[in-house]
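The next block holds one structure in the form of structure tokens; read it before the comments.
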Amino acid sequence: MSHYQRIACLSTESVETLYALGAEDCIAGISGFTIRPPRAREEKPKISGFSSAKLDRILAVRPDLAIGFCNLQADICRDLAQAGVEVHLFNQHTVAGILGMVRVLAALVQRTDAGEQLVAELERQIDAARMLAAQWTRRPTVYFEEWNDPLMSGIGWVSELIAMAGGTDAFPELAVHQRAQQRIIADPQEVVRRAPDIIIGSWCGKKFQPESLGTRPGWDAIPALQNGMVFEIKSADILSPGPSAITEGLRQLSMRVAQWQALQPEPA
């Protein structure tokens with residue numbers, strides 16, 4: 001039996017992971033943004049947003065451990081610690097970090113074997129994506145748009161997933177930054193200059209509007225728009241740094257890169 005019996009999950013990936021580990025009985029409350037697994041929203045009380053949370057609402061479920069993610073939850077984690085709650089604040093921003101989070105969370109709830117099995121399955125899916133990508137000699141440039149106003153490029157694990165799927169991140173120099181403000185593309189014409197072959201929209205928390213890209217000055221010259229290679233990957237499928245970034249995000253990236261490859265002329 002786990003030492004922790006009433007875990008407050010302040011972000012979605014910890015909920016998804018604990019369910020995948022078979023440790024859902026340890027969860028006392030979840031983030032309101034949780035969608036995986038769907039039954040979590042029916043079974044568990046929603047106790048927080050993401051960057052917004054009320055201390056009293058979290059404390060009402062009497063947590064013996066709170067699990068948060070990144071600097072945006074640092075203040076609420078501090079307040080919980082001051083209220084006497086044990087806290088673990090994850091800060092993974094790479095694919096290796098996601099796998100490490102799974103292992104640490106598994107250890108916290110004494111599900112080490114289940115954790116290793118989950119990591120092995122995620123690694124199998126990564127290897128499969130890489131094997132598919134290895135067949136191709138051309139790597140499309142992929143522009144991943146995390147937000148539209150201002151324009152914001154993808155975070156570290158997204159850039160890694162693009163490479164695993166056989167693409168090249170259009171803005172790799174921005175992907176190294178953890179803070180969203182550091183990944184802002186100040187000049188939209190820079191996207192035009194980098195001429196992405198594929199555009200993926202994943203506007204965090206709202207529906208991507210692909211038709212709006214054609215109204216941006218000069219963007220009609222971008223190969224992705226000319227060839228109909230503009231797609232949405234829902235933010236819940238790729239921007240939550242948990243298993244779904246691999247099981248859903250990587251899968252969809254691989255599918256779109258394969259779609260682009262199928263349109264390329266055969267080499268002479």
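The table below gives the values:
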item: Solution diffusion estimate, µm²/s, Stokes-Einstein, the stretch 45-191, Kirkwood Rh from C-alpha pairs, 20 °C, viscosity 1.002 mPa s; result: 120 µm²/s
item: Extended-chain gain in nm, criterion 0.36 nm per residue less alpha-carbon gap, ASP56 and LEU263; result: 69.0 nm
item: Relative contact order %, the chain, counting alpha carbon pairs below 8 Å whose residues are six or more apart; result: 16 percent
item: By average C-beta atoms within 10 angstrom, highest first, the peptides 195-201, 37-43; result: 195-201, 37-43
item: Between helix 251-263 and the chain: long-axis angle, C-alpha atoms, 0 to 90°, nearest 10; result: 10 degrees
item: Over the stretch 7-91, volume per residue of the alpha carbon convex hull, in Å³; result: 76 Å³
item: Rough spin-label spacing in nm, given labels placed 7 Å along Cα→Cβ, for GLN110 and SER2; result: 1.2 nm
item: Only Lys, Arg (+1) and Asp, Glu (-1) charged, at Cβ; the stretch 123-263 dipole about Cα centre in debye; result: 160 debye
item: Degrees separating the helix 95-108 axis from the principal Cα axis of the chain, which is the longest one; result: 10 degrees
item: Lysines with Cα under 21 Å of LYS206, excluding same-chain neighbours fewer than 8 positions away; result: LYS46, LYS234
item: Descending Cα extents along the principal axes, the stretch 126-199, whole Å; result: 36, 24, 17
item: Net charge dipole size for the stretch 7-91 [Lys, Arg +1 and Asp, Glu -1 on Cβ; Debye, nearest 20]; result: 240 debye
item: Percent antiparallel among DSSP beta bridges (both partners in the stretch 123-263, rounded to 5); result: 30 percent
item: Kirkwood hydrodynamic radius of the chain, Cα pairs, Å; result: 19.5 Å
item: Cα pair distances in the stretch 123-263, grouped into 5 Å bins until the bin that holds the longest one, percent each; result: 2, 11, 22, 25, 22, 13, 5, 1, 0
item: Footprinting exposure proxy for THR215, THR94 (fewest neighbouring C-beta atoms within 10 Å first); result: THR215, THR94
item: Footprinting exposure proxy for CYS77, CYS204, CYS9 (fewest neighbouring C-beta atoms within 10 Å first); result: CYS204, CYS77, CYS9
item: Order of HIS3, HIS177 - criterion: other Cβ atoms within 10 Å of each residue's Cβ, fewest first; result: HIS3, HIS177
item: Expected 222 nm ellipticity per residue - DSSP helices of 4 or more, -39500 (n - 2.57), all of the chain, to 500; result: -11000 deg cm²/dmol
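FYI, it's all coordinate maths here, none of it is from the lab. Small disclaimer: the values here were computed from a predicted structure and weren't measured. Cβ atoms come from the backbone with ideal geometry, glycine included; neighbour counts cover every protein chain shown.
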